[in-house]
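Enquirer: Here's a structure for you.
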Amino acid sequence: MTVSSLSPMLPGADAGARPERPSVTELRLSAFAGHRGVHLPLGPLTLLAGRSGSGKTTALRAYEALARLGGGAGLGETFPEPGGCVPERARPDAQRRRGFRIGCTADGPEGPVHLDVAVQAEPELRIVGERLTAGGLTLLQTALVDPSRPVVQASWHTAGSSPVTRGPLPDDRLGTALLPLRVAGKTDGQRRVLAAAEQMVVALRSVYACDPRPGRMRAAVPLGSGRLLRSCDNLADVLWRTRTECGRRHALLVGAVRDGCVGPVLDLLAEPLRDGAVRAVLDRGDGVRTALGLLGDGELRYLALALVLFTGPGVLEVDPVAEVPAALQTLTVLADGFDRALDPRQALELVRLAARMCERGHIRLVGAVSDGSWAAGVAGVTVVDLNRERS
């Protein structure tokens, strides 16, 4: 079942004006760590700006958590330390329960679809409430009825002989991701539920959280899967693979590296060593090759992020939606410390490159920066000031 095959449209959805690829357009941190009542608009390229402690990394963590839940991950796997997600001043109720609430909006062919999740973190980790809505209609709603059982009571829109269908769902999984297994799709109402659920899941999946670590990128690495890890420490292995797979894309990457690194750059490649490992080098064009281990932190982070922007799910360590055509999916990159260690010229070149890539619609980026004023004038960039959101 693909997005394009689902019908009818949700109430309020305009088929002629809706984006073809589902994407997350808003992140809601109703009560999550240091955030309360925060709504963050997300464009194709969004920079979350703020001083240290403003919650940039926390917001990215919430987005990644929703993505993992949308992909079917369990609650314990998604939140290994759930106590850290509870607002600091949240007081337990009479049953000693504390928790947090997050949500998002996914826009796409079915119009804006809203997902909100309430998680109990203490004394036991479980989803205690979930709501999926679109066009003013509640499509799925769950609630914890019996705390002694590991399930929630769910009701989803049917619009047949009965307005809703009720049944239990596990309390450690996102109900929205489970709906295709529970909803038959026999009525218009059921098909609306399936369309909205699939749009949300497709929008959330294919997320690549990336934070290049220069200290790990300098050493030679053994040949492996050729899929870039989130710390980018296996960059040489990835270059060994990608340089021969797409010459045009590699040439664009070399051009970007030329703009961000000091000195001439003719090529970027990986070369084998006697022990079977490979190391990444810059070909300077005059017989000199500079090992990436000799580059500065800013150059290495710039290079790694440029590589991420030019590659796709087949190269990055992500979990795309295999049953949905690639043309209907968008890869979302979450880049913590997007401008970390970069000088002003590198940061500007990188955000311009990101804007060009995001404009095509196949990739989106949400990055965290300490100050976004330098990027505010770049076309296609949405800067969200978290200092103002938390003031």
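The values are calculated or read from the model by the stated rules, or taken from the named source; none is laboratory data. Computed from a prediction, not measured in an experiment: that's the story for all the values here. Here Cβ is always computed from backbone atoms with ideal geometry, including for glycine, and neighbour counts include all displayed protein chains. For the accessible areas, the whole protein counts, side chains as well, though only heavy atoms, and no ligand, DNA or RNA atoms are used. Shrake-Rupley method; radii C 1.70, N 1.55, O 1.52, S 1.80 Å.
Enquirer: How do the peptides 225-232, 345-352 rank, highest first, by the average count of neighbouring beta carbon atoms within 10 Å per residue?
Expert: On the way: 225-232: 17.9, 345-352: 19.5.
Packing order, densest peptide first, comes out as 345-352, 225-232.
Enquirer: Please list 135-145, 110-120 highest first by mean number of surrounding beta-carbon atoms within 10 Å per residue. Kindly include the intermediate steps, with their values, before the conclusion.
Expert: Numbers: 135-145: 17.7, 110-120: 23.0.
Packing order, densest peptide first, comes out as 110-120, 135-145.
Enquirer: Okay, moving on. On the accessible surface of the range 154-249, probed at 1.4 Å, how many percent belong to carbon and sulfur atoms? Walk me through the numbers before you get to the answer.
Expert: Numbers: 2060 of 4240 Å².
For the range 154-249, the apolar C and S fraction of the accessible surface comes to 49 percent.
Enquirer: Okay, moving on. Keeping all protein chains in place, calculate the accessible area per residue for the chain (probe 1.4 angstrom), answer in Å².
Expert: Per residue, the chain has an accessible area of 43 Å².
Enquirer: Using a 1.4 Å probe on the protein heavy atoms, what percent of the accessible area of the range 64-103 belongs to carbon and sulfur?
Expert: Numbers: 920 of 2220 Å².
Summing carbon and sulfur atoms, their accessible area is 41 percent of the total for the range 64-103.
Enquirer: What does the chain give for Rg and for Dmax, in Å, if only its C-alpha atoms count?
Expert: Considering the chain through its Cα atoms, Rg and Dmax are 22.4, 77 Å.
Enquirer: How many angstrom separate the Cα center of the range 215-234 from the Cα center of the range 129-197?
Expert: 42
Enquirer: What net charge do the residues around G367 carry, taking every other residue with its C-beta under 11 Å from that of G367, with Lys and Arg at +1 and Asp and Glu at -1? Present the calculation step by step, with values, prior to reporting the outcome.
Expert: Working: positive: K56, R340, R364; negative: D211, D336, D339.
It works out to a net charge of 0.
Enquirer: Can you give the Rg to Rh ratio of the range 109-264, both from alpha-carbon atoms, with Rh computed by the Kirkwood formula? Let's see the in-between values first.
Expert: On the way: Rg = 23.0 Å, Rh = 19.4 Å.
Across the range 109-264, the Cα-based Rg/Rh ratio is 1.19.
Enquirer: May I pose another question? Loop-only trypsin sites (Lys or Arg not before Pro) in the range 105-197, please: DSSP not H, G, I, E or B, and at most 14 other Cβ atoms within 10 Å.
Expert: Numbers: sites: R126, R131, R166, R173, R182, K186, R191, R192; in loops: R173, K186.
Here the trypsin sites (Lys or Arg not before Pro) that fit, given the DSSP loop and packing criteria, are K186.
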